[in-house]
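Asks: Just passing along the structure, written as structure tokens.
The values are calculated or read from the model by the stated rules, or taken from the named source; none is laboratory data. Quantities reported herein were computed from a predicted structural model and do not represent experimental measurements. Glycine also receives a Cβ, built like all others from the backbone with ideal geometry; neighbour counts cover every protein chain displayed.
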Amino acid sequence: MLGRIGYRFNQFRFGMFSVYDSADEKLARASLSDQEYSLFDQLPPFEKKHAVVVARKMLIFSVRNPELDREKLVKLGLLHDIGKVMERNSVMTKSVMVIIRFFLPGLYDWLAERGKVDPRFKRFYIHKHHGAVGAQLLEEIGVSGEFLSIIKKHDPRVEPFGPADPIELKILRQADSTY
Ligand SMILES: [Fe+2]
Ligand SMILES: [Fe+2]
């Protein structure tokens, strides 16, 4: 419990004070296609920064596991939360949603389900299912195959890790679990 509160506090602090800088931008530009980058560029700066932090952790994993596709790992880091371009949340709005999810999970799930059909709660649906939303956005620009299923399943709160799931999903979840 304390660990989860600490994680959320760090997430908030990260969102408020981290700066997406020119080195981050350079990594994103160099690693993404034009279409992928134009989606990425729609993320708010704090989400871009988070994606770059995850991508850098993926890079470290790729050095330790040279048999894995380095480019794919970095792209997974950069694009794993791409569904959040549909949320259009500020740090504050996002923090309120995270607090509701943390303290009132039943209400959060109810709002997320309502959000499927009710535009007033759509941001809750997108927040909970940003993996699936992101996979759909990437599919629309021609991304295909396993990459999409990893993006779709990257949030362990939505779906547990299965025996048939690829190692890249496990690595992504690990890289995504700290701020
Ligand atoms: Fe995510
Ligand atoms: Fe993430």
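Asks: Using the structure shown, decide if residue 62 is part of a helix (DSSP H, G or I), among the polar types (S, T, N, Q) and in contact with a Gly (Cβ under 8 Å, 6 or more places away or on another chain).
Replies: no
Conditions (1) surrounded by 14 or more Cβ atoms within 10 Å (Cβ to Cβ); (2) within 18 Å of residue 94 (Cα to Cα), marked per residue:
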{"site": "121", "(1), (2)": "yes, yes"}
{"site": "128", "(1), (2)": "yes, yes"}
{"site": "136", "(1), (2)": "yes, no"}
{"site": "141", "(1), (2)": "no, no"}
{"site": "147", "(1), (2)": "yes, no"}
{"site": "155", "(1), (2)": "yes, yes"}
{"site": "159", "(1), (2)": "yes, no"}
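Asks: Please report, ordered by residue number, the helices (runs of 4 or more DSSP H) entirely within region 78-179 with at least 3 residues that are aliphatic (A, V, I, L, M).
Replies: Ranges flagged: 91-103, 105-114, 130-140, 146-152, 167-175.
Asks: Looking only at residues in region 34-64 that are over 15 Å from residue 89 (Cα atoms), touching a residue at least 12 places away in the same chain (Cβ under 8 Å) and away from ligand 1 (no atom under 16 Å from the Cβ), which one is surrounded by the fewest Cβ atoms within 10 Å (Cβ to Cβ)?
Replies: Applying the filter and picking the extreme gives 35.
Asks: Residue check: is residue 42 out of contact with any Cys (no Cβ under 6 Å at 6 or more places or on another chain), assigned to a loop (DSSP other than H, G, I, E, B), at pLDDT 95 or above and among the polar types (S, T, N, Q)?
Replies: yes
Asks: Output the residues belonging to region 143-173 that are within 12 Å of ligand 1 (Cβ to nearest atom) and either in contact with a strand residue (DSSP E or B) (Cβ under 7 Å, 6 or more places away or on another chain) or within 24 Å of residue 66 (Cα to Cα) (or both).
Replies: 150, 151, 153, 154, 172, 173
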